[in-house]
1. From the list 113, 106, which residue is within 22 Å of residue 185 (Cβ to Cβ), away from the ligand (no atom under 14 Å from the Cβ) and outside any strand (DSSP E or B)?
2. Can you tell me which residue within the stretch 20-35, out of those that are modelled with pLDDT of 95 or more and away from the ligand (no atom under 16 Å from the Cβ), is farthest from residue 185 (Cα to Cα)?
3. Within the stretch 156-165, is there a residue that is touching a Gly at 6+ places or on another chain (Cβ under 8 Å) and under 30 Å from residue 52 (Cα atoms)?
4. Pairs under 7 Å by beta carbon, first residue closer than 11 Å to residue 292 by Cα in the stretch 119-136, partner among the acidic types (Asp, Glu), six or more apart or different chains?
5. Just to be sure before I move on: is residue 48 at negative phi, in contact with a helix residue (DSSP H, G or I) (Cβ under 6 Å, 6 or more places away or on another chain) and charged (D, E, K, R) in the structure I sent?
6. Which residues, taken from the stretch 28-52, are part of a loop (DSSP other than H, G, I, E, B) and either surrounded by fewer than 18 Cβ atoms within 10 Å (Cβ to Cβ) or more than 15 Å from the chain's Cα centre (by Cα) (or both)?
7. Among the residues of the stretch 64-74, are any more than 16 Å from the ligand (Cβ to nearest atom), free of Cβ contacts under 8 Å to residues at least 24 places away in the same chain and of a type in the set (A, V, I, L, M)?
8. Taking the conditions exactly as written (within 16 Å of the ligand (Cβ to nearest atom) and in a loop (DSSP other than H, G, I, E, B)), does residue 79 satisfy them or not?
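The values are calculated or read from the model by the stated rules, or taken from the named source; none is laboratory data. It should be emphasised that the depicted structure is a prediction, and the values quoted were computed from it without experimental measurement. All Cβ positions, even for glycine, are placed from backbone atoms using ideal geometry, and neighbour counts span all protein chains on display.
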Amino acid sequence: MLYANGYSISLDRREPGADIDFISHAHTDHTSAARNNKSVLASRQTVDLVRGIHGKNVKHYDSSRHGWISLLNAGHMLGSKQIRVDDYESGKRIIYSGDYQMQQSIASERIEIDRADTLIIDSTYPGPEVIFDDKETVEDGIRKWTSAMQKHGIVLFGAYAMGKAQELIAILNAAGITPVVSKKINDVNSIYAEHGVKLDYVSAYKGIGDHEEELKRNFVGIVENHNLGALPYLLTNAYGKRVFTAVATGFAKEFQFPTDAQFPLSDHADFWQAVDYIDAVGPGKVYTYGKSAGEFAANLKKLGYDTQPFNAPKERAVLYNYNQNKPF
Ligand SMILES: [Zn+2]
C-alpha cells in the first residue's frame, strides 16, 4: 500500500481498506482488486479490458479532483500506466511502475518517464542473465520465419491473448500477413480497435469474417499458448498440411519450448533496461515489487542502488513520516 495526502492506494493488489485501488494494466495478475461495481483508478482502456475480457463490471475512478495523482504511459500494453504521486506534506514524488517496457511496441504507446524521489519498480526480470534483443530484430525474425514456413504449410503461433497477440498481429500485418485468431484474441482486438489500434485479422469462429476461405490457404494462426498442444495435430488432420509452430514470449530467453521456433518478444524491460529506467527516474530510494522483488533488490544493491523489496517489514518505517505519525 502506498500512502499520500491522507489516502491509502493499493498497487495492483487487493488490499482491504484501501481508499484508492490502482490497476496499472489489464493482465490478470494485476487486476485482483477488480470487482463488480467497484471504482478502480486505471486508464479508460484498462477499465474497458477488465469489463469486456475479465467480466468484472468495474467503474472508472475519477482522479481529476486529486491534482497530486498522475498516470503516465508504461509502454507495456494498451492502456498500461505508471502512477505518479506528489505528497504535499513530505514534498516527495513517488512513482510506481507496474509492468513497463522501455522499447517501443508496435501496438502500444511509448513509455513516459518522469523524475521521482522514490520509485517502486516491477521485478519481472530480476537478474542480469536475461538480455532481450533489439525489438526490431525480433520482429524481423518473426516475419522472415513466418513467410518462409508459410510456403510449406500452416503456421501457428501461441501468444498471450491480451497484449502479446495484438503486438504479433501488428508485426505480421507489417509484412502483409493477415492472421487467423481465436475468439478470445478477437475479443481483445475489438477493444484495441475501440481505442484506435487497428489490426488486420480474421476470426476463426463462425459469425465473423471469411475464415472459411482463409483456412483453405496456408494460413497463419494465433491462439493462446495452452491451445498450441493439440491444435497442430487437429489442423494436419483437417487440412492435410504440415503445421509449423512457434511461441512469442520473453520467456523464450529462459526456456526451451516444444515448438519449431521461439521468438523472445517481450513486453517487459530486462534487467539492464530496468537499470536505464531507474537512472532516468533518478530516485534516491528504489523499492522492488512483485514475486522476484528480493532477487531484484539484491542485484540492484550490487550496483550501488539504495533498494529493498516493497513488502519487507521495514517498508512502512521508511514510507512513514514518524514525526507526524502519517504516511510520508
Ligand atoms: Zn503485464
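1. Numbers: 113 fails: within 22 Å of residue 185 (Cβ to Cβ).
That would be 106, the only listed residue that is within 22 Å of residue 185 (Cβ to Cβ), away from the ligand (no atom under 14 Å from the Cβ) and outside any strand (DSSP E or B).
2. 20
3. Applying the first criterion (touching a Gly at 6+ places or on another chain (Cβ under 8 Å)) to the stretch 156-165 yields 156-157.
Going one step further and asking which of them are under 30 Å from residue 52 (Cα atoms), we end up with 156-157.
Yes, that holds for at least one residue.
4. Hits for this filter: 122/99; 124/99; 125/270; 126/295; 127/295.
5. The answer is yes for residue 48.
6. Answer for the stretch 28-52, where residues must be part of a loop (DSSP other than H, G, I, E, B) and either surrounded by fewer than 18 Cβ atoms within 10 Å (Cβ to Cβ) or more than 15 Å from the chain's Cα centre (by Cα) (or both): 32, 33, 34, 35, 36, 37, 38.
7. no
8. Values: within 16 Å of the ligand (Cβ to nearest atom): yes; in a loop (DSSP other than H, G, I, E, B): yes.
Spelling it out, residue 79 is indeed within 16 Å of the ligand (Cβ to nearest atom) and in a loop (DSSP other than H, G, I, E, B).
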